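Q: Quick one: structure below, then a few questions.
The values are calculated or read from the model by the stated rules, or taken from the named source; none is laboratory data. Keep in mind the model is a prediction, meaning the values are calculated, not measured. Counting neighbours? That spans all protein chains shown, and the Cβs are built from the backbone with ideal geometry, glycine included. Surface areas here come from the heavy atoms of the whole protein model, side chains and all, with no ligands, DNA or RNA. Shrake-Rupley method; radii C 1.70, N 1.55, O 1.52, S 1.80 Å.
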Amino acid sequence: MAINIPQTTVNFTVKGTEIRMVLQGHLDCIHLGSVWRQTFKFLDKNSAENVVIDASDVVYCDGSGATLFAKVREKVKGNMQVVGLKKEFLPLVDMFELETLAPLPQKSKVSIIEEIGRATHSILKDLREIITFTGELLVAIFWAMKNRRQVPWGDTWINAESAGVNALPIICLIGFLLGLIMAFQSAVPMKQFGAEIFVADLIGLSMLKELGPLLTAIVLAGRSGSAFAAELGTMKVNEEINALVTMGLDPVRYLAVTRVIASVMMTPILSCFCCLFALMGGAIVILSLGYPLVIYMDRIAQAVTITAFLAGVVKSVAFAILVAGVGCLRGLQTGTGAKAVGQSTTSAVVSAIVLVAVADAIFSVVLFALGI
Amino acid sequence: MEPIIKVKNLTAKYEGHMVLDSLDFEIHRGEVFVILGGSGCGKSTLLKHLIGLYAPFSGSIHIDGDDIVTASQHERKKILRKIGVMYQSGALFGSMTLLQNVQMPLKLFTDLPPDAIETIARCKLKLVSLDAFAHHFPAEISGGMQKRAAIARAMALDPQVLFLDEPSAGLDPITSSELDELILQLAESLKITFVIVTHELPSIYTIASRVIMLDKRVKKIVAVGSPHELRDTSEDPWVRKFFKRGKDE
């Protein structure tokens with residue numbers, strides 16, 4: 001048997017200073033929308049001293065319907081009467097008094113100067129925290145070197161596996177494709193001058209000295225730096241960090257050092273793999289141009305000195321400390337709630353990439369000054 | 001009294017193991033119904049079946065006449081609008097203020113204008129005495145307040161049934177008794193049916209109209225009745241012991 005639900009409607013009649021509203025149907029949040037709009041549109045246009053709501057044909061009323069009555073009562077400053085409402089819904093009519101609701105806070109306007117001041121304060125505070133954390137981390141690393149038996153090596157190996165071994169396929173793939181693309185893009189214009197064999201110099205020098213460590217650091221920031229921040233952030237939200245502190249354990253020594261050591265061990269190796277696969281990518285292009293492999297390898301051996309290779313390794317160690325360190329710092333700085341973990345993760349990646357770029361610029365200047 | 005929830009022959013399994021075996025019970029409109037039992041007896045599993053989060057191995061669950069087990073996606077949405085759920089942790093969205101948390105279901109499921117949504121949400125917060133905290137984030141208020149805010153959110157669409165999972169867990173006795181009063185007041189004024197999973201005996205004696213007791217040994221309902229009845233007249237010694245907090249007679 002089909003049940004006919006009457007449409008929820010409202011009709012208005014004006015008699016002098018009195019408005020009569022006739023409501024019909026279901027007064028619940030699902031059916032109330034259009035009635036609410038019509039009611040307040042009408043009341044805004046027609047001023048009345050008194051409103052009488054005829055609810056004889058109201059089939060159902062719940063809290064949302066009661067809010068409509070309360071809103072009308074507030075609008076006409078209390079001069080409202082509900083007639084004909086079924087007995088079971090009557091207690092709802094006086095349930096809500098909007099006048100007694102706590103006022104919502106006013107949105108305060110913030111001046112540009114105040115905003116600049118707040119932003120500067122936030123940057124300086126962040127800088128201070130980075131400096132403090134760097135100090136704590138260095139102390140913890142020295143402590144770990146002196147007390148090697150107390151370092152949780154199990155955790156360190158697990159982190160080395162997730163940050164290093166598990167990242168190997170993606171690093172190799174990106175390195176290979178980068179080498180292939182760079183070689184191909186540079187070989188075409190260089191061929192016009194008969195200099196395509198110097199593609200080997202280009203790939204060898206740029207990858208081993210510059211792009212290999214940089215690319216590895218960026219992948220590490222996106223993969224492991226964010227994971228460190230999310231892990232430590234979740235631990236902070238779940239009060240696991242507090243538990244460590246109350247057990248007398250230093251979170252930096254116990255959590256950050258293992259991650260930094262693992263990253264420092266794995267990043268140079270990853271960087272070497274990245275360079276090796278980039279050279280392989282370049283080799284494919286050179287072979288396709290008709291040069292034998294031995295010439296390509298000879299050019300690389302001539303172009304890349306051992307000092308340039310070591311400079312790349314030193315860079316990748318420095319980048320690893322930056323990425324892992326900032327990942328752990330952002331994790332330990334996490335506030336409360338799921339949103340805070342997300343913010344920490346994003347901040348870890350962004351900060352790591354910025355720091356790596358700045359460090360790379362400094363390295364470039366220093367290496368140039370040293371003649372490397 | 002007319003039943004609003006009918007459970008027939010409900011059997012639940014988890015990874016092949018029987019958790020609940022052929023449960024039959026009815027929950028009447030307007031009552032405060034408590035699901036009780038020892039740890040690991042399947043109370044929360046039963047609750048998750050009742051709110052449609054888990055599909056039963058067999059059996060049916062009718063909410064206001066509609067079977068949530070066999071319902072299509074569209075019918076299921078309609079059924080879910082009739083119920084509200086408060087999870088044990090509150091499960092408020094941490095990135096939203098309390099007001100935004102309560103407004104969310106109204107924005108998603110109704111065509112109400114923004115001022116109506118705000119007024120209704122503020123009224124719901126007023127019902128749980130949190131209107132002054134409307135612009136606070138969940139992390140800025142206490143655990144008891146978070147549970148009350150979660151009740152306000154669960155009531156946003158004026159559901160006929162409210163499911164509460166361990167509402168008193170982790171609360172101090174005063175906050176817990178305030179929450180009991182709130183449940184009774186809402187059941188009385190808004191005629192909401194409450195289905196509550198709890199361990200707290202003082203709460204159960206205060207609020208429960210009827211209790212079912214699950215036993216993990218048999219995976220069935222071993223007792224049904226008012227808490228005082230079960231404590232004083234149950235023939236099962238384990239049930240009497242449970243109601244007397246483990247003290248032997």
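Q: Note the angle between two axes, namely the Cα long axis of helix A:63-75 and the longest principal axis of the Cα atoms of chain A, as a number of degrees from 0 to 90, rounded to the nearest 10.
A: 70
Q: Under 1.5 on a/c is rounded, so check that first for region A:59-156, then, if it is not, pick prolate when a/b is larger than b/c and oblate when it is not; a ≥ b ≥ c are the square roots of the alpha carbon gyration tensor eigenvalues.
A: oblate
Q: Taking Cα centroids, how far is region B:173-249 from region A:1-76 in Å?
A: Cα centroid of region B:173-249 versus Cα centroid of region A:1-76: 41 Å apart.
Q: When Lys and Arg each count +1 and Asp and Glu each count -1, what net charge do the other residues less than 14 Å away from A:LEU43, Cβ to Cβ, add up to?
A: Around A:LEU43, the surrounding residues sum to +3.
Q: How big is the B-A contact in terms of buried accessible area, both chains counted, 1.4 Å probe, rounded to the nearest 100 Å²?
A: Between B and A, the summed buried area is about 2300 Å².
Q: Give me the inter-chain shielding for B:106-119: mean count of other chain Cβ atoms within 10 Å, whole number please.
A: Going residue by residue through B:106-119 and averaging, the value is 5.
Q: Of all the accessible heavy-atom surface of chain B, with the other protein chains kept in place and a 1.4 Å probe, what percent is carbon and sulfur?
A: On chain B, the fraction of accessible area on carbon and sulfur atoms equals 51 percent.
Q: Still on this structure, I have one more. For chain A, what is the accessible area per residue in Å² when the probe is 1.4 Å?
A: 53
Q: Count neighbours as other Cβ atoms within 10 Å of each site's Cβ, and list the chymotrypsin sites (Phe, Trp or Tyr not before Pro) in region A:137-213 that are DSSP loop with at most 11 such neighbours.
A: A:PHE193
Q: Moving on. List, in order, the whole-Hz ³J(HN,Hα) value for each residue of region A:310-317 obtained from phi through the Karplus relation with A = 6.51, B = -1.76, C = 1.60 and θ = phi - 60°; use x for Gly and Pro.
A: Along region A:310-317, the couplings run 5, 4, x, 5, 4, 4, 5, 5 Hz.
Q: OK, next. Taking all protein chains in place and a 1.4 Å probe, what share, in percent, of the accessible surface of region A:9-100 do carbon and sulfur account for?
A: Taking all protein chains in place, region A:9-100 shows 48 percent carbon and sulfur surface.
Q: Still on this structure, I have one more. Under the definition of partner shielding as Cβ atoms of other protein chains within 10 Å of a residue Cβ, what is the mean value for peptide B:148-157?
A: For this peptide, the per-residue mean of nearby foreign Cβ atoms is 1.
Q: If you don't mind, there's one more thing I want to ask. How tilted is helix A:112-146 with respect to the longest principal axis of chain A? Cα atoms for both, answer in degrees (0 to 90, nearest 10).
A: In chain A, helix A:112-146 runs at an angle near 50 degrees to the longest axis.
Q: If exposed means no more than 14 neighbouring beta carbons inside 10 Å and the site is in a DSSP loop, what's the longest run of chain A without any exposed GluC sites (Glu not before Pro)?
A: A:98-238
Q: Kindly express, to the nearest 10 degrees and within the range 0 to 90, the angle between helix A:257-288's C-alpha long axis and the longest C-alpha principal axis of chain A.
A: 70
Q: Which FRET efficiency value, to the nearest 0.05, is calculated for A:GLU18 and B:GLU26 with the Förster distance at 56 angstrom and r the Cβ-Cβ distance?
A: Efficiency, rounded to the nearest 0.05: 0.70.
Q: Still on this model: For a quick check, take a GNM of chain A with Cα springs below 10 Å and name the residue from A:LYS125, A:LYS87, A:LYS315 with the largest mean-square fluctuation.
A: Residue with maximal mean-square fluctuation among A:LYS125, A:LYS87, A:LYS315: A:LYS87.
Q: Can you give me the Cα centroid spacing of region A:186-241 and region B:34-87 in angstrom?
A: Taking the Cα centre of each part, region A:186-241 and region B:34-87 sit 51 Å apart.
Q: Which pairs in the list A:LYS15/B:LYS78; A:LYS45/B:LYS147; B:LYS82/B:LYS220; B:LYS147/B:LYS216; A:LYS87/B:LYS8 are over 32 Å apart, alpha-carbon to alpha-carbon?
A: In this structure, A:LYS15/B:LYS78; A:LYS45/B:LYS147; A:LYS87/B:LYS8 lie more than 32 Å apart at Cα.
Q: Leaving ligands, DNA and RNA out of it, report the carbon-plus-sulfur percent of the accessible area of region A:133-370 at a 1.4 Å probe.
A: With neighbouring chains kept in place, the figure for region A:133-370 is 73 percent.
Q: By the gyration tensor of its Cα atoms, with a ≥ b ≥ c the square roots of the eigenvalues, what is the shape of region A:133-370: rounded for a/c under 1.5, prolate for a/b over b/c, or oblate?
A: Verdict is prolate for region A:133-370.
Q: Which of the residues in region B:124-142 show a loss of at least 40 Å² in accessible area from their chain by itself to the complete set of protein chains, at a probe of 1.4 Å?
A: B:LYS126, B:ASP131, B:HIS135
Q: Rank these by accessible area, largest first, 1.4 Å probe: A:SER162, A:SER47.
A: A:SER47, A:SER162
Q: In percent, how large is the relative contact order of region A:165-297, given Cα pairs closer than 8 Å and 6 or more residues apart?
A: Reported relative contact order: 53 percent.
Q: For the protein assembly as shown, give me the percentage of DSSP beta bridges that are antiparallel, rounded to the nearest 5 percent.
A: DSSP beta bridges in the protein assembly as shown are roughly 45 percent antiparallel.
Q: Something else: When Cβ neighbours within 10 Å are restricted to other protein chains, what is their mean count per residue of peptide A:24-35?
A: Whole-number average of other-chain Cβ neighbours for A:24-35 is 4.
Q: Would you grab the residues whose amide H sits under 5 Å from the one on A:VAL58? Only those 5+ places off in sequence or on another chain, please, with H modelled 1.01 Å from N.
A: Long-range HN contacts for A:VAL58: A:GLY25.
Q: Which of the three applies to region B:135-212, rounded, prolate or oblate, going by the alpha-carbon gyration tensor with a ≥ b ≥ c and a/c under 1.5 meaning rounded?
A: Since a/c reaches 1.5 but b/c is at least a/b, the shape of region B:135-212 is classed as oblate.
Q: Ordering B:LEU108, A:LEU32, A:LEU289 from largest to smallest accessible area (1.4 angstrom probe), what's the sequence?
A: Largest to smallest exposure gives the sequence B:LEU108, A:LEU289, A:LEU32.
Q: Same structure again: Using a Gaussian network model on chain B with a 10 Å cutoff between Cα atoms, which of B:ILE192, B:ILE221, B:ILE141 fluctuates the most?
A: B:ILE141
Q: Name the residue, out of B:ILE68, B:ILE174, B:ILE183, whose mean-square fluctuation peaks in a Gaussian network model built on chain B with Cα pairs under 10 Å.
A: With Cα springs under 10 Å in chain B, the top fluctuation among B:ILE68, B:ILE174, B:ILE183 is at B:ILE174.
Q: With runs of 4+ DSSP H residues as the only contributors, calculate the mean residue ellipticity of the protein assembly as shown at 222 nm using -39,500 (n - 2.57) per run, divided by the residue total and rounded to the nearest 500.
A: -17000 deg cm²/dmol
Q: May I ask you to rank A:LYS45, B:LYS216, A:LYS109 by accessible area, largest first, using a 1.4 Å probe over the protein chains only?
A: Ranked from most to least accessible, the order is A:LYS109, A:LYS45, B:LYS216.
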